[in-house]
Amino acid sequence: GAGVSQTPSNKVTEKGKYVELRCDPISGHTALYWYRQSLGQGPEFLIYFQGTGAADDSGLPNDRFFAVRPEGSVSTLKIQRTERGDSAVYLCASSPRLAGEQFFGPGTRLTVL
Amino acid sequence: SQQGEEDPQALSIQEGENATMNCSYKTSINNLQWYRQNSGRGLVHLILIRSNEREKHSGRLRVTLDTSKKSSSLLITASRAADTASYFCATDAWETSGSRLTFGEGTQLTVNP
């Protein structure tokens with residue numbers, strides 16, 4: 001009965017480095033979402049997976065951002081050549097059905113120095 | 001991009017009072033959801049109202065939806081100090097149904113003991 005988990009909870013990196021953020025969705029949830037939230041703002045959509053495939057990646061800001069979900073469960077968000085503007089809380093959510101409520105993880109706070 | 005606008009941005013009330021938060025959006029929706037967030041981390045789903053519903057209740061929460069005005073309101077009755085949090089409305093739009101939620105910028109609610 002565990003909820004969505006995300007690791008690490010905090011990540012501090014230097015400008016230009018590569019980072020990976022992991023999301024473990026609730027078991028059996030086929031839909032998985034990544035959002036990014038800047039201070040004082042609401043979450044903004046990045047990418048949506050239905051099963052293993054990225055059904056909608058139109059929210060990814062540029063080609064430095066990439067996400068995978070190879071076995072339809074765990075997902076990894078990958079950011080290359082990080083920039084200070086990438087600093088934010090990255091939230092993952094999963095859902096058992098389309099257009100239903102989403103269950104959010106605690107987020108990963110990314111700080112790019 | 002942020003579709004929703006929440007009003008007010010911040011609300012401070014005394015315990016026992018009612019709190020009303022409003023949300024406006026721009027596109028046609030499949031459903032509208034309200035979430036709560038403590039300390040800028042994971043979001044907790046509160047209530048989902050479908051486009052063909054006008055009002056919904058859950059415990060001390062009452063949500064209304066007016067699709068003609070593209071607006072929704074969240075009422076928390078008999079507020080408690082523990083209700084202090086940020087509250088976000090999020091829309092599931094028809095054209096992207098199920099693939100993402102579009103969040104407003106949130107209302108910061110403070111309930112003073």
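The values are calculated or read from the model by the stated rules, or taken from the named source; none is laboratory data. Just so it is clear, the structure is predicted and the values come from calculations on it, not from any experiment. Neighbour counts are summed over all protein chains in view; Cβ atoms, including those assigned to glycine, are modelled from backbone coordinates with ideal geometry. In case anyone asks, the SASA skips ligands and DNA or RNA and just uses the protein heavy atoms, side chains included. Shrake-Rupley method; radii C 1.70, N 1.55, O 1.52, S 1.80 Å.
Among the numbered conditions (1) of a type outside the set (Asp, Glu); (2) in a strand (DSSP E or B); (3) open to solvent by 10 Å² or more (accessible area, probe 1.4 Å), the only one that A:Val89 does not meet is (3). For A:Thr111, the conditions (1) modelled with pLDDT of 95 or more; (2) in a loop (DSSP other than H, G, I, E, B); (3) within 14 Å of another protein chain (Cβ to nearest Cβ) are fulfilled apart from (2). The residue of region B:1-44 that is modelled with the highest pLDDT, among those that are charged (D, E, K, R) and either on the phi > 0 side of the Ramachandran plot or open to solvent by less than 50 Å² (accessible area, probe 1.4 Å) (or both), is B:Arg36.
Within region A:1-31, the set of residues being closer than 16 Å to A:Glu71 by Cβ and assigned to a loop (DSSP other than H, G, I, E, B) comprises A:Pro25, A:Ile26, A:Ser27, A:Gly28, A:His29, A:Thr30. As for region B:72-86, it holds no residue that is open to solvent by less than 40 Å² (accessible area, probe 1.4 Å), out of contact with any His (no Cβ under 6 Å at 6 or more places or on another chain), within 14 Å of chain A (Cβ to nearest Cβ) and closer than 16 Å to A:Glu101 by Cβ.
Could we say that A:Glu101 is open to solvent by 20 Å² or more (accessible area, probe 1.4 Å), in contact with a His (Cβ under 7 Å, 6 or more places away or on another chain), at pLDDT below 95 and not hydroxyl-bearing (Ser, Thr, Tyr) here? Considered against the rule, which asks whether it is open to solvent by 20 Å² or more (accessible area, probe 1.4 Å), in contact with a His (Cβ under 7 Å, 6 or more places away or on another chain), at pLDDT below 95 and not hydroxyl-bearing (Ser, Thr, Tyr), A:Glu101 comes out as yes.
When A:Ala67, A:Ala55 are checked against the criterion of being small (Gly, Ala, Ser), outside any loop (DSSP other than H, G, I, E, B) and open to solvent by 40 Å² or more (accessible area, probe 1.4 Å), a single residue qualifies: A:Ala55.
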